[in-house]
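The values are calculated or read from the model by the stated rules, or taken from the named source; none is laboratory data. Given the structure is predicted, the values throughout are model-derived calculations rather than measurements. Every residue, glycine among them, receives a Cβ derived from its backbone with ideal geometry; neighbour counts consider all protein chains shown. Note: accessible area is taken over every heavy atom of the protein model, side chains too, but ligands, DNA and RNA are not part of it. Shrake-Rupley method; radii C 1.70, N 1.55, O 1.52, S 1.80 Å.
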Amino acid sequence: AEEWPQFRGPRANGHADSTKLPLTWSETENVAWKTAIPGTGHSSPVISGDQIWVTTAVESKLSEEEEKTRLAAIKNSRGLEIAGSISLRAICVSRKSGKILHDVELVKVDEPEPIHSLNSYASPTPILENGRLYCHFGTYGTTAVDTGSGKILWTNAEHHVDYQNGPGSSPALWQNNLVINFDGIDTQYVAAIDKRDGKTVWQTKRSGKMNERMEFQKAYCTSAIIEDDRGAQVISPGADWVYSYDPASGKELWKASYGMLGFSTVPLPVFGNGLVFVSTSYMRPRLLAVRYDGSKASDDSFVEWKLDGAAPQKPSMLLVGDELCFISDKGIGMCLDARTGKELWKERIEGNYSASPLFANGRIYFFSQEGKSVVIQSGKEFKQLAENSLDGGFMASPAVADNALFLRTDTHLYRIEEK
């Protein structure tokens, strides 16, 4: 079985089963190896056996004048940057030694679209399953790779949307279907691609009424797959609405309004006890606890409770029992009673945050863009256990295998474990 096959782990919820992850580390403490990763990418590591895979974009730079000229031709280009060309690649690192085993070019793009300065061309996290790696790069396509040989098995380049800020949505896997959100400023839909041959199985347009301004219609969220005795659902936040779809056919099952403007939505939903927890991201984030059993009308009656202003815009949340824990982009950590939304604790934690937190063995790990890692005790009261630092910053979320942490900074991949 793949130890960490997708974004946020085996259950896509940020939980690791390890009982002996290290509490402290630094550049000189508890580092088994450190490997430089070429290019730039915010995708998280995925792990199977001795293989750790990440995606990356190796860019050719434009001159300052060329970049300025190209961005000047783009409406709403504030905060954007652009490369001359990009090579989108899948890199395999040995879990044991840290040595690079494969470096495979999947897509070459001669004139890429701009990205936001907080994004990368390789932000979606791939999926590992049964000797295949499924890589997604937004409008630049989806590719399957044989993990033994590094050979490309198929590529689907049918789906094109204008993300304005670059790709963000990772694929989710249900049976033979890779479910992917395509929420651009020009069009918004969800599609399923057959993992066996790369053909599109279904495509469903977002049905909810959104803001008339195009830039408020985009989103970067990854879908959550819920399976229970009522069947399977794709829980898929977009702009202004969270939707439920049948993963086999793409039929919309229900949708619930955010009740306010919500766009550029990023956090992967987490769920439990009949509720799915969604952050609306921008402009002002709202946290929604939404009933997903389909027993209510398709309107605000789906929403069990909501919290305004404190929800994360980029990091996903953690649900541990009845406690919902998260950190905002600006470093406000919170823990709520997941059933009621009641605040249990709220603390300032230094740093800015994009990576999603990790839960393991009664501890919660936060990873900042400045390279700080704060470890706290999970529970109804705030208790900090450690603060650690590495040389690079964290945009990618952590991965775990056995009793080791695999951390991707902006320059390197680390294996962190007790020595």
Q. Quick check: anything in region 59-67 touching a strand residue (DSSP E or B) at 6+ places or on another chain (Cβ under 6 Å) and open to solvent by 20 Å² or more (accessible area, probe 1.4 Å)?
A. yes
**Q.** In region 336-359, the residues that are closer than 12 Å to residue 376 by Cα, within 18 Å of the chain's Cα centre (by Cα) and either among the aromatic types (Phe, Trp, Tyr) or surrounded by fewer than 23 Cβ atoms within 10 Å (Cβ to Cβ) (or both)
**A.** 359
Q) So which strands (runs of 3 or more DSSP E) stay within region 26-106 end to end and still have 3 or more residues that are out of contact with any Asp or Glu (no Cβ under 7 Å at 6 or more places or on another chain)? A) 31-36, 51-60, 85-94
Q) Only one residue in 289, 256 is open to solvent by less than 10 Å² (accessible area, probe 1.4 Å) and either on the phi > 0 side of the Ramachandran plot or modelled with pLDDT under 95 (or both), so which one is that? A) 256
Q. Between residues in region 83-111 that are β-branched (Val, Ile, Thr) and residues that are open to solvent by 20 Å² or more (accessible area, probe 1.4 Å) and in a loop (DSSP other than H, G, I, E, B), which pairs lie under 9 Å by C-beta distance while being six or more apart or on different chains?
A. 86/39; 86/110; 91/38; 91/39; 93/99; 100/38; 104/151; 107/157
Q. Inside region 175-194, can you point out the residues that are open to solvent by 30 Å² or more (accessible area, probe 1.4 Å) and touching a strand residue (DSSP E or B) at 6+ places or on another chain (Cβ under 6 Å)?
A. 176
Q.
Please count how many residues of region 391-419 are in a loop (DSSP other than H, G, I, E, B), touching a strand residue (DSSP E or B) at 6+ places or on another chain (Cβ under 7 Å), over 14 Å from residue 8 (Cβ atoms) and not charged (D, E, K, R).
A. 3
Q: Please work out which residue is nearest to residue 403 (Cα to Cα), limiting yourself to region 68-88 and to residues that are open to solvent by 50 Å² or more (accessible area, probe 1.4 Å) and in contact with a strand residue (DSSP E or B) (Cβ under 9 Å, 6 or more places away or on another chain).
A: 81
(Q) Out of 333, 309, 294, 321, I need the residue that is modelled with pLDDT of 95 or more, out of contact with any helix residue (DSSP H, G or I) (no Cβ under 7 Å at 6 or more places or on another chain) and surrounded by fewer than 16 Cβ atoms within 10 Å (Cβ to Cβ). Which one? (A) 321
